[in-house]
Amino acid sequence: MKKRNTLLALLAAVVGVTPSLHAAPTRPNIVFILADDLGYVDVNAFAARLTGAKTTEMFYETPNLDRLTREGTAFGQAYACQLCSPTRSGVLTGRIAARIGVTTATPGTVRTFYNQGLTPPAGYLANDAVYWGDSTIKIQQALLNGSTLDAMPAGQPLDQGRNELTLAEALPDYHSAFIGKWHLGGHGARGWQPDDQGFEALDYTDEGGSVYFNWRAAWNNRKKPFPKMAQPEVLAGKAGPDDGHQYLTDSLTETAVRFLGRQAAQADRKPFFLYLCHLAVHTPLQAKPADVAYFEKKSTRGWHGHSNATYAAMLKSLDESVGRILDTLAQTGLAENTLVVFMSDNGGVTYTNPAATCNAPLKGGKAMMFEGGIRVPLVFRWPGQIAAGQWCDVPVDYADLFPTLLQLARYEPKPHYERIDGRSLVTLFTDSANTKRGYARDTHYWHYPFNVVVIHPDDGQPLAPHSAIREGDFKLIFDWSGKLYLYDLKTDWREEHNLADVQPAKTKDLFTKLNTWLDANVAVKYTPLLNPDYDPTKEARTRPFVDLRKQILGEKFAIRAAASDPRIPVLARLNAESAGPKNVPAQVKPKGDPIP
């Protein structure tokens, strides 16, 4: 565990985090609420602005999130990653997730060099995933998956000198507390948990999902899933005390409220950072029966494809959590000097049966780089400091949270700008159209090097690896199996008109910029590789596989061959040894939902 005094000295002497000269005499408290798998139009205030519909016409009910939007500044074009763990890593570090190496969300069954007790080959870290595929994909795959880091580097010896500075560590005079879903620690790997990244862990799980009833035993599980994992037990999480709540969302909220109460009672009122990462509304879809019954009978069921009563009930509990936290801040006298931030980690889930939600009129959903998969609600509320009822439509992304919160906490973010990708959004609170160019970013990147069973909305086949760039109003999606999609989001935010063939010069320009950025910033191990067993005569798509990097950029940019990847023989060895997991709790096994 990192020592607090060592961290303070490091930050003061090396990182250069120093208070900026703001007029406010005290630093604000920060409450950051991160929802899981919540779609953009799942929040009524965002849906109303996008569709023009009235709240009374909608199926979901989000009065407290709508209140938060009325009382703060909302971002209409805020972006996350296509999956949760990448977003979470970028929020905490201010870096684009693929640069860190967190390229996907992993199930508890994933095999890494660390949990297999193996020495990683040259160029790999202990917590790099060895390799895994999705056995439910039955079509020919021209590409094999890239890799991902299963635990965000924390300065441990096995991190080989890497140590990501987290937001909690960059706020040295704050009491930082973590509640909820971590999913950045290698599924219980010792040395990579919230306590190792600057937080006091109050009540959390290091898994991608959780049941919503009877969850405590699994969160307290200590049995190693792999016998060769080099630690006596896993640290799968820590369930808080039994508080009488039988539903997970309510219990996590209770933990948060108690923390706020304790902070309000402190004589010195030391500033705090509460990072509340709800599991809601991630699968499994489970809600309180009375709420489900209410939505089953609601007359507006089916609005914009929103018809899942269980999902609506889960969202209701999430919304009530936000309301209870806002009320607690008011009741304890903390509201005036507390910044509240709300965001989702990716778009809504559309691939379950029945569908969890529908992101229409946005295209696609979780795991995709269409707007429905990466555009998310984002709101900042700080009474008297941030304008209320304001909307900002400047495109921003998850990496901007780190420098923004630093600056709002009266720290100067600029010393970090050489290391991070995000830029502070503070000037947008007073210049929402960015007319003064105080927010200088106009280019955003995404990268997902995996085949996944989620169905592509255009070709009806499982998704292949894909990457994307947005520059100004144009977004290019690079499907590594051989297809490019170019959209002008200013006029076509529904992504109905692919301009790749109509504007070849723009397409090539963005494709070149995207791949130049990937080659400069993303380790090659985190990119796809050619599948030597691919049979093009059995290709299920109506188009052939094409290596677009080779075709457009030249031979030296060709997708690498599988023979060059040292994970492949390791995988063969592990498969021969049948080194499958033994003690993974049922709730964290990928059952029903192919993505954690």
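Return the pairs, sorted by first residue and then second, in which the second residue is part of a helix (DSSP H, G or I) and of a type in the set (Lys, Arg), the first residue lies in region 141-159 and is in contact (Cβ under 8 Å) with a residue 12 or more places away in the chain, the beta carbons are less than 7 Å apart, and the residues are 6+ apart or on different chains.
These pairs meet every condition: 146/525; 147/525; 147/567.
Quick one: how many residues across region 395-406 are touching a residue at least 40 places away in the same chain (Cβ under 8 Å) and either hydroxyl-bearing (Ser, Thr, Tyr) or surrounded by fewer than 19 Cβ atoms within 10 Å (Cβ to Cβ) (or both)? Working first, answer last.
In the first step, residues of region 395-406 are kept if they are touching a residue at least 40 places away in the same chain (Cβ under 8 Å); the result is 395-403, 405-406.
Retained after the next criterion (residues that are either hydroxyl-bearing (Ser, Thr, Tyr) or surrounded by fewer than 19 Cβ atoms within 10 Å (Cβ to Cβ) (or both)): 398.
The qualifying residues number 1.
If the Cβ limit is 6 Å and pairs must be 6+ apart or interchain, which residue in region 247-275 that is at negative phi and in a helix (DSSP H, G or I) pairs with which residue that is crowded, with 22+ Cβ neighbours inside 10 Å and charged (D, E, K, R)?
From region 247-275, the pairs are 255/203.
Kindly evaluate residue 588 against the criterion of being at pLDDT below 80, touching an Asp or Glu at 6+ places or on another chain (Cβ under 6 Å) and hydrophobic (A, V, I, L, M, F, W, C). It would help to see each step written out before you state the result.
Working: at pLDDT below 80: yes; touching an Asp or Glu at 6+ places or on another chain (Cβ under 6 Å): yes; hydrophobic (A, V, I, L, M, F, W, C): yes.
Yes, satisfied.
Taking residue 118, is it more than 16 Å from residue 527 (Cβ to Cβ) and crowded, with 22+ Cβ neighbours inside 10 Å?
For residue 118, the condition - more than 16 Å from residue 527 (Cβ to Cβ) and crowded, with 22+ Cβ neighbours inside 10 Å - is not met.
Would you be able to tell me the number of residues in region 106-157 that are more than 26 Å from residue 482 (Cα to Cα) and of a type in the set (S, T, N, Q)?
Of the residues in that region, 7 qualify.
Those residues that are over 11 Å from residue 143 (Cβ atoms) and among the β-branched types (Val, Ile, Thr), I need them from region 520-548; list them, please.
If the condition is that a residue be over 11 Å from residue 143 (Cβ atoms) and among the β-branched types (Val, Ile, Thr), then 522, 524, 537, 542, 546 are the ones that fit.
With 404, 430 as the choices, which residue is among the β-branched types (Val, Ile, Thr) and either over 21 Å from residue 32 (Cα atoms) or more than 22 Å from the chain's Cα centre (by Cα) (or both)?
On the way: 404 fails: either over 21 Å from residue 32 (Cα atoms) or more than 22 Å from the chain's Cα centre (by Cα) (or both).
Residue meeting the stated conditions: 430.
Looking only at region 177-219, how many residues end up being at negative phi and touching a Lys or Arg at 6+ places or on another chain (Cβ under 7 Å)?
Applying the first criterion (at negative phi) to region 177-219 yields 177-179, 181-182, 184-185, 189-190, 192-197, 199-213, 215-219.
Of the ones still in play, those that are also touching a Lys or Arg at 6+ places or on another chain (Cβ under 7 Å) are 184, 196, 201, 203-205, 219.
Selection size over region 177-219: 7.
Within region 76-86, can one find any residue that is small (Gly, Ala, Ser), out of contact with any strand residue (DSSP E or B) (no Cβ under 6 Å at 6 or more places or on another chain) and more than 24 Å from residue 168 (Cα to Cα)? Give the derivation first.
In the first step, residues of region 76-86 are kept if they are small (Gly, Ala, Ser); the result is 76, 78, 80, 85.
If we keep only those that are out of contact with any strand residue (DSSP E or B) (no Cβ under 6 Å at 6 or more places or on another chain) as well, we get 85.
Then drop every residue that is not more than 24 Å from residue 168 (Cα to Cα), which leaves none.
Checked region 76-86: no residue is small (Gly, Ala, Ser), out of contact with any strand residue (DSSP E or B) (no Cβ under 6 Å at 6 or more places or on another chain) and more than 24 Å from residue 168 (Cα to Cα).
Report the residue count in region 18-62 for those that are more than 20 Å from residue 370 (Cβ to Cβ), at pLDDT 95 or above and hydrophobic (A, V, I, L, M, F, W, C).
Total meeting the criteria: 10.
Could you say which residue among 493, 446 is of a type in the set (Phe, Trp, Tyr), part of a loop (DSSP other than H, G, I, E, B) and crowded, with 17+ Cβ neighbours inside 10 Å? Spell out the reasoning first.
On the way: 446 fails: part of a loop (DSSP other than H, G, I, E, B).
Unique residue meeting the criteria: 493.
So residue 221 passes all but one of these: (1) surrounded by 19 or more Cβ atoms within 10 Å (Cβ to Cβ); (2) assigned to a loop (DSSP other than H, G, I, E, B); (3) within 21 Å of the chain's Cα centre (by Cα); (4) of a type outside the set (Asp, Glu). Which condition number does it fail?
If we test residue 221 against (1) surrounded by 19 or more Cβ atoms within 10 Å (Cβ to Cβ); (2) assigned to a loop (DSSP other than H, G, I, E, B); (3) within 21 Å of the chain's Cα centre (by Cα); (4) of a type outside the set (Asp, Glu), just (3) comes out false.
May I ask you to say which residue of 203, 291, 250 is surrounded by 15 or more Cβ atoms within 10 Å (Cβ to Cβ), under 23 Å from residue 322 (Cα atoms) and more than 26 Å from the chain's Cα centre (by Cα)?
Working: 203 fails: more than 26 Å from the chain's Cα centre (by Cα); 250 fails: more than 26 Å from the chain's Cα centre (by Cα).
Result: 291 is the single residue among 203, 291, 250 that is surrounded by 15 or more Cβ atoms within 10 Å (Cβ to Cβ), under 23 Å from residue 322 (Cα atoms) and more than 26 Å from the chain's Cα centre (by Cα).
Go through region 440-470 and report how many residues are more than 21 Å from the chain's Cα centre (by Cα) and touching a residue at least 40 places away in the same chain (Cβ under 8 Å). It would help to see each step written out before you state the result.
Of all residues in region 440-470, those more than 21 Å from the chain's Cα centre (by Cα) come to 440, 457-462.
Those left that are additionally touching a residue at least 40 places away in the same chain (Cβ under 8 Å): 457, 459, 461-462.
Number of matching residues: 4.
Taking residue 209, is it at pLDDT below 95, farther than 25 Å from residue 577 by Cα and part of a loop (DSSP other than H, G, I, E, B)? So that I can check it myself, show each step before the final result.
Values: at pLDDT below 95: no; farther than 25 Å from residue 577 by Cα: yes; part of a loop (DSSP other than H, G, I, E, B): yes.
So residue 209 fails the test.
How many of the residues making up region 121-142 are surrounded by fewer than 21 Cβ atoms within 10 Å (Cβ to Cβ) and hydrophobic (A, V, I, L, M, F, W, C)?
Residues flagged as surrounded by fewer than 21 Cβ atoms within 10 Å (Cβ to Cβ) and hydrophobic (A, V, I, L, M, F, W, C) within region 121-142 amount to 4.
Would you pick out the residues in region 322-362 that are buried (at least 23 other Cβ atoms within 10 Å of the Cβ) and either out of contact with any helix residue (DSSP H, G or I) (no Cβ under 9 Å at 6 or more places or on another chain) or of a type in the set (Asp, Glu) (or both)?
Within region 322-362, 345 is the sole residue that qualifies.
On the given criteria, is residue 92 touching a residue at least 60 places away in the same chain (Cβ under 8 Å), of a type in the set (A, V, I, L, M, F, W, C) and under 23 Å from residue 576 (Cβ atoms)? Break it down into steps so the answer makes sense when it comes.
Numbers: touching a residue at least 60 places away in the same chain (Cβ under 8 Å): yes; of a type in the set (A, V, I, L, M, F, W, C): yes; under 23 Å from residue 576 (Cβ atoms): no.
No, not satisfied.
Of the residues 510, 476, 486, only one is buried (at least 18 other Cβ atoms within 10 Å of the Cβ), in a strand (DSSP E or B) and over 22 Å from the mean Cα position of the chain (by Cα); which? Spell out how you get there, then give the answer.
Values: 510 fails: in a strand (DSSP E or B); 476 fails: over 22 Å from the mean Cα position of the chain (by Cα).
Among 510, 476, 486, only 486 is buried (at least 18 other Cβ atoms within 10 Å of the Cβ), in a strand (DSSP E or B) and over 22 Å from the mean Cα position of the chain (by Cα).
For region 48-131, please list each of the helices (runs of 4 or more DSSP H) lying entirely inside it that holds at least 1 residues being farther than 26 Å from residue 339 by Cα and either over 17 Å from the mean Cα position of the chain (by Cα) or of a type in the set (D, E, K, R) (or both). Before the answer, list the steps.
Details: elements: 63-70, 84-93, 97-100.
Because the criterion is at least 1 residues that are farther than 26 Å from residue 339 by Cα and either over 17 Å from the mean Cα position of the chain (by Cα) or of a type in the set (D, E, K, R) (or both), the helices (runs of 4 or more DSSP H) in region 48-131 that meet it are 97-100.
Taking only region 417-432 into account, find how many residues are crowded, with 16+ Cβ neighbours inside 10 Å and either of a type outside the set (A, V, I, L, M, F, W, C) or under 26 Å from residue 142 (Cβ atoms) (or both).
Adding up the residues that qualify gives 6.
Of the residues that make up region 375-386, is at least one exposed (fewer than 15 other Cβ atoms within 10 Å of the Cβ) and without any contact (Cβ under 8 Å) to a residue 12 or more places away in the chain?
no
Of all residues in region 435-454 being among the hydrophobic types (A, V, I, L, M, F, W, C) and touching a Ser or Thr at 6+ places or on another chain (Cβ under 9 Å), which is farthest from residue 84 (Cα to Cα)?
Start the filter on region 435-454 by keeping residues that are among the hydrophobic types (A, V, I, L, M, F, W, C), which leaves 440, 446, 450, 452-454.
Narrowing the set further to residues that are touching a Ser or Thr at 6+ places or on another chain (Cβ under 9 Å) leaves 446, 450, 452-454.
Details: 446: 13, 450: 15, 452: 15, 453: 17, 454: 15 Å.
This residue is 453.
In region 393-409, which residues are among the aliphatic types (A, V, I, L, M) and out of contact with any Asp or Glu (no Cβ under 8 Å at 6 or more places or on another chain)?
Filtering region 393-409 down to residues among the aliphatic types (A, V, I, L, M) leaves 394, 396, 399, 401, 405-406, 408-409.
Within region 393-409, 394, 396, 401, 405, 408, 409 meet the criteria.
Search region 340-356 for residues that are farther than 23 Å from residue 65 by Cα and pair each with any residue that is at pLDDT 95 or above and not in a loop (DSSP other than H, G, I, E, B) when their beta-carbon atoms are under 7 Å apart and the residues are at least 6 apart or on different chains.
Listed by first residue and then by second, the contacts come to 351/454; 351/455.
It is to be established whether one or more residues within region 433-441 are among the small types (Gly, Ala, Ser), surrounded by 24 or more Cβ atoms within 10 Å (Cβ to Cβ) and in a loop (DSSP other than H, G, I, E, B).
From region 433-441, those among the small types (Gly, Ala, Ser) are 433, 438, 440; that's our starting set.
Retained after the next criterion (residues that are surrounded by 24 or more Cβ atoms within 10 Å (Cβ to Cβ)): none.
No; the residues of region 433-441 include none that is among the small types (Gly, Ala, Ser), surrounded by 24 or more Cβ atoms within 10 Å (Cβ to Cβ) and in a loop (DSSP other than H, G, I, E, B).
Out of the residues in region 296-313 that are free of Cβ contacts under 8 Å to residues at least 60 places away in the same chain and surrounded by fewer than 18 Cβ atoms within 10 Å (Cβ to Cβ), which is nearest to residue 51 (Cα to Cα)? Before the answer, list the steps.
Applying the first criterion (free of Cβ contacts under 8 Å to residues at least 60 places away in the same chain) to region 296-313 yields 296-297, 299, 305, 308-311, 313.
Now restrict to residues that are surrounded by fewer than 18 Cβ atoms within 10 Å (Cβ to Cβ): 296-297, 299, 305.
Working: 296: 24, 297: 24, 299: 19, 305: 13 Å.
Out of the qualifying residues, it is 305.
The values are calculated or read from the model by the stated rules, or taken from the named source; none is laboratory data. Computed from a predicted structure; not experimentally measured. Backbone-built Cβ (ideal geometry, glycine too); neighbour counts: all protein chains shown.
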